[in-house]
Amino acid sequence: MNYEKVFQDAVDKVKGEGRYRVFAHLERQAGNFPHATRHHPDGTTSDVVVWCSNDYLGQGQNQDVLAALSEAGARMGVGSGGTRNIAGTTYLHAELEKELADLHGKEAALLFTSGYVSNDAAISTIAQLMPDCIIVSDALNHASMIAGIRHSGCAKKIYRHNDMAHLEEILKSLPKAAPKLIAFESVYSMDGDISPMKQICDLADKYGAMTYLDEVHAVGLYGENGGGISEREGVADRITVIEGTLAKAFGLMGGYIAGSEAMVDAVRCAAPGFIFTTTLPPPLVAGAITSIRHVRATNELRVQHQERAQRLKDLLTAAGLPVMPSVTHIVPLMVGDAVRCKQATDMLLDEYGVYIQPINYPTVPVGTERLRITPSPFHDDDVMDELVTALKDVWMRLQLQNAA
């Protein structure tokens with residue numbers, strides 16, 4: 001077999017569908033978020049404004065977070081030394097897990113190297129611990145949740161996105177004695193909608209199911225203390241497992257789960273994704289502790305974040321651009337074609353210094369390709385006005401569809 005041809009054919013297929021990605025080489029400017037320097041192949045540079053970062057609150061450049069990270073690195077070194085079971089556990093790891101448990105009002109928390117790993121490891125392990133478990137999953141759940149469901153080897157049922165009648169229909173059809181786990185997200189990051197969390201908890205209570213909530217696009221951003229939508233809606237105590245990330249609102253890296261002490265301990269003892277991987281370096285952990293404490297204590301950041309998102313939605317709507325309905329900080333702009341979506345983002349970057357990545361299949365279904373814009377508290381009126389002007393020009397030049 002010609003192995004290289006197989007690889008090249010796979011790449012050519014992606015290119016032929018118009019969804020081949022070329023990464024821009026950016027250098028973020030500490031203290032000047034959301035501005036960055038773009039490094040071109042010819043050695044030149046140019047300034048860009050980043051509009052698609054998941055560092056929603058700019059905490060990756062918070063001076064107190066940087067100081068905590070640097071101090072821990074100078075004091076403890078930059079490597080973790082191994083897995084948590086061998087040499088990788090420091091007092092900082094334990095301190096961060098306490099902070100995360102407290103954030104969600106839970107007994108315990110467990111750190112992972114990323115949000116993807118925490119979903120994959122936790123869902124698969126929790127389900128495997130219960131014989132004949134059936135996982136009931138929202139149709140739009142993230143790829144990491146889908147991976148965890150597949151790796152569990154358990155039976156699964158998929159309910160239509162946020163359709164509570166369909167969810168109940170499925171739950172009603174399952175054996176009463178069978179363990180059940182309802183898996184869902186709070187904020188769905190491509191459309192910007194929110195799950196009906198109270199109704200899901202009511203159905204879980206009615207049919208004896210556990211609940212697994214992915215809060216990665218909400219933790220730090222919603223609730224008086226940043227505990228996410230579950231805190232805002234007053235249902236965190238009804239959720240069996242809350243999963244979150246340190247890589248978005250908190251600006252660093254890592255994932256975690258929070259829940260009962262027994263559940264967290266069981267995952268700690270059994271999950272290969274926890275046991276067999278090198279843990280987060282102490283400097284990152286120190287930075288995360290500082291970031292979480294700052295975000296929890298600074299509700300005005302959340303207020304500013306929502307105000308900025310709403311202002312941008314209003315500007316785009318007034319400009320006649322096709323803003324998709326969103327009740328959160330996610331601002332999706334519909335294009336509907338992979339090739340033209342890539343053309344639009346290339347033009348924005350090359351000609352206007354606006355950095356937005358195209359969102360194409362498999363992240364979203366074919367025909368729903370879009371720009372996903374994520375304003376932060378640091379995107380001021382001037383850069384917003386410049387963005388809208390650039391988008392209007394690109395939309396006109398490419399003859400893209402405007403709002404209905």
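Quick look at the numbers
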{"quantity": "Selection count, region 249-270, where residues are surrounded by 23 or more Cβ atoms within 10 Å (Cβ to Cβ) and out of contact with any strand residue (DSSP E or B) (no Cβ under 8 Å at 6 or more places or on another chain)", "calculated": "4"}
{"quantity": "Tally of residues being open to solvent by less than 20 Å² (accessible area, probe 1.4 Å) and either of a type in the set (S, T, N, Q) or in a helix (DSSP H, G or I) (or both) across region 190-212", "calculated": "7"}
{"quantity": "Members of region 234-248 found to be open to solvent by less than 40 Å² (accessible area, probe 1.4 Å) and basic (Lys, Arg), listed by number", "calculated": "LYS248"}
{"quantity": "Test: residue in region 378-388 that is surrounded by 15 or more Cβ atoms within 10 Å (Cβ to Cβ), of a type in the set (Val, Ile, Thr) and in contact (Cβ under 8 Å) with a residue 24 or more places away in the chain", "calculated": "yes"}
{"quantity": "Residue match in region 146-166 (condition: in a helix (DSSP H, G or I), in contact (Cβ under 8 Å) with a residue 60 or more places away in the chain and open to solvent by less than 40 Å² (accessible area, probe 1.4 Å))", "calculated": "no"}
{"quantity": "Those residues of region 167-189 which are open to solvent by 40 Å² or more (accessible area, probe 1.4 Å) and either touching a strand residue (DSSP E or B) at 6+ places or on another chain (Cβ under 9 Å) or in a helix (DSSP H, G or I) (or both), in sequence order", "calculated": "GLU168, GLU169, LYS172, SER173, PRO175"}
{"quantity": "Test: VAL48 is under 30 Å from GLY367 (Cα atoms), of a type in the set (A, V, I, L, M, F, W, C), assigned to a strand (DSSP E or B) and open to solvent by less than 50 Å² (accessible area, probe 1.4 Å)", "calculated": "yes"}
{"quantity": "Residue in region 99-115 that is open to solvent by 20 Å² or more (accessible area, probe 1.4 Å) and under 28 Å from THR363 (Cα atoms) present", "calculated": "yes"}
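The values are calculated or read from the model by the stated rules, or taken from the named source; none is laboratory data. Just so we're clear, the structure is a prediction, and the values are computed from it rather than from any experiment. Note: ideal-geometry Cβ built from the backbone for every residue, glycine included; neighbour counts use all protein chains shown. Accessible surface is based on the protein model in full, side chains and every heavy atom, while ligands, DNA and RNA are left aside. Shrake-Rupley method; radii C 1.70, N 1.55, O 1.52, S 1.80 Å.
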